[in-house]
Amino acid sequence: RDAICNFVICNDSSLRSQPIIFNPDFFVEKLRHEKPEVFTELVVSNITRLIDLPGTELAQLMGEVDLKLPGGAGPASGFFRSLMSLKRKEKGVIFGSPLTEEGIARIYQLIEYLHKNLRVEGLFRVPGNSVRQQILRDALNNGTDIDLESGEFHSNDVATLLKMFLGELPEPLLTHKHFHAHLKIADLMQFDDKGNKTNVPDKERQIEALQLLFLILPPPNRNLLKLLLDLLYQTAKKQDKNKMSAYNLALMFAPHVLWPKNVTANDLQENITKLNNGMTFMIKHSQKLFKAPAYIRECARLNYLGSRTQASKDDLDLIASCHTSSFQVTRSQKWNQRDSCLHQEETQQRTGEALRELFQHVHNMPESAKKKQLIRQFNKHSETQTPGREPSTLRVQKRARSRSFSGLIKRKVLGNQMMSEKKNKYPTPESVAIDELKRASKENINLLFSGSPAVMMTPTRLKWSEGKKEGKKGWAV
């Protein structure tokens, strides 16, 4: 019908008791995979509604022009590094290679282990043992299974190796194209009653802008970012044990997540504070950042329900209050009427088929008293759609030919009643005028005949007269 659903039949009885997980971003993900251009245009149009991106920076975000990063850094300056990363990827090496789902699957072993050891003091700050780290690195590059629970490795070894993996990626986890957009998000401030910009960060708009930016990240980057931010969020919640707050963690990871590659602190200058604060904000609000905004969900849903796709949140706000309730009521009434009509047609069709089969069966029976009795019953009850008959017309004609004296009296009486009912149902102009005058008040009639004040009339003195001889009709006073 109007919805796109997938049903999976599970024959395993042990899994039937498991709760059903509903993904509210189902249509968003579907639109991303099936119509990437429509999806990107929808998301980017809403990003530009929140932050001011000049033409060059917007073109960089869309990947239409070459990137211009601080200090002249960019993908072109790392040509040999990119060449080496491609060679590593061909050999299955994940360190220093472009990010892939296979690489994330191997690194996830480290993240899963760290989730179980968040109480270690100085986690991500205290470096681990270089020898043990090299052993872990070689095992991950070779795809060898690692038993981190054996006690051979320390939590600091695993934490340091995770930072090394992020640091050796060809570009930061949030990609070079998003760099300028994140700087603009850090400048989103609230406005006072007079419309002046304040120094108080507008957290709601910042969260909304990050949600939109994360939607257009490459899928491997988005998946690893979600795993990483969730790990850092859980680490900051245990800061009373590990002494690592969200800001401390941001200092450790901002260079790997936000900073462009091949740049130094001098190149970034005043932007370092924005980037560190932005990383802190992402850690603190990580549980909200990977949900699509409600209006993006609605736009994606409408795209698959055959309606016009709205371009922004403002368009949806304008139509939501007007159309939601009326659309739901009209749609439910439409489907109810359609279902009832279909049900009635199916019932009548099945009844007709059953009667035809029964009639054919009786017709094929050998001649007998039972057969004659059944045929008489069919003729008697032929009003219930006996095949090939029009009983109602025959019975009406039979009554119309009645010649009995009582029948004549009934027709005379009933005929007069029917004529009077027709007159009441279809009133003549004269009867309409009489009824209107009867309902009129004395004052209204006086106003009607104000041209002759000497004549005082009431409704009871008005009568309708018919001139039989002259053929004239008129009012008599």
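Let me know the whole percent of all Cα-Cα pairs from the stretch 179-230 that are separated by more than 16 Å.
Numbers: 687 of 1326 pairs.
Tail fraction, whole percent: 52.
In the stretch 93-297, carbon and sulfur make up what percent of the accessible area (probe 1.4 Å)?
Working: 4410 of 9110 Å².
After summing per-atom areas, the C and S share lands at 48 percent.
Can you give me the accessible area per residue for the stretch 93-297, using a 1.4 Å probe, in Å²? Numbers along the way, then the final one.
Values: 9110 Å² over 205 residues.
Value returned for the stretch 93-297: 44 Å² of accessible area per residue.
For a 28 Å ceiling on Cα separation, which of these pairs sit above it: K30/K237; K194/K274; K35/K237; K30/K116; K241/K284; K197/K237?
K30/K237; K35/K237; K30/K116; K197/K237
Could you report the accessible area of R119 in Å², rounded to 10, computed with a 1.4 Å probe on the protein chains as they sit in the structure?
150
Report the extension gain between L355 and E41 in nm, rounded to one decimal, defined as 0.36 nm multiplied by the number of residues separating them, less their alpha carbon distance.
Values: separation 314, 0.36 × 314 = 113.04 nm, distance 6.11 nm.
That pair, L355 and E41, stretches by 106.9 nm at full extension.
Once you have all Cα-Cα distances for the stretch 93-297, histogram them in 5 Å bins from zero and send the whole-percent values.
All Cα pairs considered, the percentages come to 1, 7, 15, 19, 19, 16, 12, 6, 3, 2, 1, 0, 0.
Between N262 and T48, what FRET efficiency comes out of the Förster formula 1/(1 + (r/R0)^6) with R0 = 25 Å and r the beta carbon distance, rounded to 0.05?
0.30
Once the piece of chain linking E34 and E270 is laid out straight, how much longer is it, given 0.36 nm per residue of separation minus the C-alpha distance between them? Please report the intermediate quantities before stating the final value.
On the way: separation 236, 0.36 × 236 = 84.96 nm, distance 4.12 nm.
My answer for the length gained is 80.8 nm.
Can you send over the solvent-accessible area of K241, 1.4 Å probe, protein chains only, in Å² to the nearest 10?
Here the accessible area works out near 100 Å².
I'd like the accessible area for V38: 1.4 Å probe, protein heavy atoms, all chains in place, Å² to the nearest 10.
Only protein atoms counted, so the area is about 60 Å².
Pulled fully out, how much extra length does the chain show between Y247 and V362, if you take 0.36 nm times their separation in residues and subtract their Cα-Cα distance? If you can, show how the numbers build up before the last one.
Working: separation 115, 0.36 × 115 = 41.40 nm, distance 9.14 nm.
Result for the pair: 32.3 nm of gain on full extension.
The values are calculated or read from the model by the stated rules, or taken from the named source; none is laboratory data. Predicted, not measured: the structure shown is a model, and the values here were computed from it. Methodologically, a virtual Cβ is constructed for each residue, glycine included, from the backbone with ideal geometry; neighbour enumeration extends over all protein chains shown. What goes into the accessible areas is simple: the full protein's heavy atoms, side chains included, and nothing from ligands, DNA or RNA. Shrake-Rupley method; radii C 1.70, N 1.55, O 1.52, S 1.80 Å.
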